[in-house]
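Each remark here refers to the structure printed beneath this line.
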Amino acid sequence: MHEDRPAWAQRITAEREARGWNKPQFVEALRAHTTDELPGKASMLRRVHAWESGDSCPDDFYRPLIAKTFGTVTAAIWPVEGNRDANAELISGTGMDTLEIVTRLRGSSIDSAVLEGLRITVDRLCSEYPYLPAEQLLQEGRAWLRRVTGMLDRRLSLAQHREVLSLAGWLATLVGCVEYDTSNRAAAEATRQAAFSLGEDSGDAEVMAWSQEMRAWFALTRGDYRGVIAAAEMGHEISGDSRAAVQLYAQKAKAWARVGDRRQMEVALDSGRALLEGLPHPDNLDHHFVVDPAKWDFYSMDCYRLLGSKNDGAGTENRLAESYAREVLRSGTDTSGLERSPMRNAEARITLGVIAAREGDLEQALSYGKRALGGERQSVPSLLMVSRELGAVVKERYSDDPDASEYLDQLRQLRDRAA
């Protein structure tokens, strides 16, 4: 089959083959995931052939059904363009650039234009999380957090006061995430708690829910899997059907995968997938506190890689993890080769490295592993957590190989840096 097919056609084939299904089995899986009556076998097989060849795109009925059958969301297979230029929006939306906003913050009163400028600035900072160097983002985030919290001493209306508290809460969640990325765990936890308090004071449940998601993430990277589940349960009491709730389900799924409970993992994954499928498509896919549809493949990749280790690299789990990892790399890299999601891509490469190591290809495994460690934008605790999995396979199977020893030394250096 030609590889000039549309990406969605290639993915349907890859997902089907990763599960070991032939086309008739895929048709039966589709029937099992819907209560609607589907056409007969011959008609459905013709549809599947047309989909996989790229000759016909599934319609609005079949797209979500195919996504559900593959355990993902529709927009992960058929992306919707939604990015925006936050810097351009700042000027077009308010008529002011950053310098003018800072100047007017020093004035005697705050008007709606300044608050709108602050909202757009906070969105811009949150949208720079995936790729801006951590130290630069941390410096900018802290500076804006100081400016915004300084406004609380000013004469504000009740609505303005709540708005400023909410903006400070979003900045605190962002700063706490970047502090944790740079292994400053004590500062990250203090900032996370401050974010929760700001969300509480402003009545912004979304800020409170994301602070609980941060708590779950921190616990996951420490190996405290029961702590992840406890934080997620508390977060769900706050979050309702929000994007924070989606990510809380994902953290629970990752924890259950590491515990080795496949049933609970798949329940959490399916709950999060169903919630994400029903949410409107985000306007800004780069925003750190927006769960873009492609991220669900990233979570599934992590879970099935872990299941593979629990089942000694069982074939189905390996194939699924590999399929998801390749989708993460495809969606996280633009047509010019620029990486839009370098941290996700690093973990996808480690996943491919783990699978290569399990299958006996040490050279390929180390190539993926070393490239993952070489990225400029890193979340060190998360990178260390998944790199340890590759390190464990390499140490167990290839401990006498000098190239393997060199990679394990790199991991020790990363661990020391995190410490």
Practice task
Could you list which residues have their amide H under 5 Å from that of T333, counting only those 5 or more apart in sequence or on another chain, with H placed in the peptide plane?
Solution key: R340
Fill in the blank from the handout: Helix 262-278: inclination vs the chain longest Cα principal axis, degrees, rounded to 10, gives 60 degrees
Exercise for the section: Would you work out which of P280, V291, V354 lies farthest towards the positive end of the dipole of the chain, given +1 charges on the beta-carbon of Lys and Arg and -1 on that of Asp and Glu, about the Cα centre? Expected result: V354
Exercise for the section: Can you pull the one-decimal nm distance between simple spin-label points at R371 and E28, each 7 Å off the Cα toward Cβ? Expected result: 3.8 nm
Fill in the blank from the handout: Measuring from its Cα centre, the range 261-419 shows a charge dipole (+1 at each Lys and Arg Cβ, -1 at each Asp and Glu Cβ) which, in debye to the nearest 20, is 220 debye
Practice task
Please give the calculated 222 nm ellipticity per residue for the chain, where each DSSP H segment of at least 4 residues contributes -39500 (n - 2.57) and the sum is spread over every residue; nearest 500 deg cm²/dmol?
Solution key: -23500 deg cm²/dmol
Exercise for the section: Would you mind working out the magnitude of the charge dipole of the chain relative to its Cα centre, with +1 at each Lys and Arg C-beta and -1 at each Asp and Glu C-beta, to the nearest 20 Debye? Expected result: 620 debye
Practice task
Work out the length of the dipole vector of the range 333-419 about its Cα centre, built from +1 on the beta-carbon of each Lys and Arg and -1 on the beta-carbon of each Asp and Glu, and round it to the nearest 20 debye.
Solution key: 400 debye
Problem - Listed peptides 240-248, 149-157 by packing density, highest first (mean Cβ within 10 Å) - result: 240-248, 149-157
Practice task
Could you count how many Lys pairs in the chain have their Cα atoms under 16 Å apart, skipping same-chain pairs fewer than 8 positions apart?
Solution key: 6
Handout entry: Helix axis angle, 185-202 relative to the chain longest principal axis, alpha carbon, degrees
Key = 70 degrees
Handout entry: Mean Cβ neighbour count within 10 Å, used as a protection proxy, ranking 71-78, 130-137 highest first
Key = 71-78, 130-137
Practice task
Compare D36, D270, D55 in a GNM of the chain, Cα atoms joined below 10 Å, and give the one with the largest fluctuation.
Solution key: D36
Handout entry: Estimated inter-spin distance, S336 and E363, nm [label 7 Å along Cα→Cβ]
Key = 3.3 nm
Handout entry: Cα lying deepest toward the dipole's positive end in the range 294-419, options L366, Q410, S379, charges on Cβ
Key = S379
Practice task
Compute the distance in nm between two label points, each set 7 Å from the Cα along the Cα-to-Cβ direction, one at Q264 and one at R415.
Solution key: 2.7 nm
Problem - Angle between the chain longest axis and helix 205-222 axis [Cα atoms, degrees, rounded to 10] - result: 60 degrees
Practice task
For the chain, restrict the atom set to alpha-carbon positions and state the Rg and Dmax in Å.
Solution key: 22.7, 74
Handout entry: Angstrom value of the Kirkwood radius, inverse mean 1/r, which spans all Cα pairs in the range 17-70
Key = 11.4 Å
Handout entry: GNM flexibility winner over the chain from A159, A216, A232 (Cα, springs under 10 Å)
Key = A159
Handout entry: Two-site FRET efficiency, R155 against D60, from Cβ-Cβ distance with R₀ of 45 Å, rounded to 0.05
Key = 0.30
Problem - Three-way shape call for the range 303-419 based on the alpha-carbon gyration tensor, with the a/c threshold at 1.5 - result: oblate
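A short reminder: the numbers here are calculations on the coordinates, not readings from a lab. For clarity, every value in this text was computed on a predicted model and none was experimentally measured. Every residue, glycine as well, gets a Cβ built from its backbone with ideal geometry; the counts of neighbours run over all protein chains shown.
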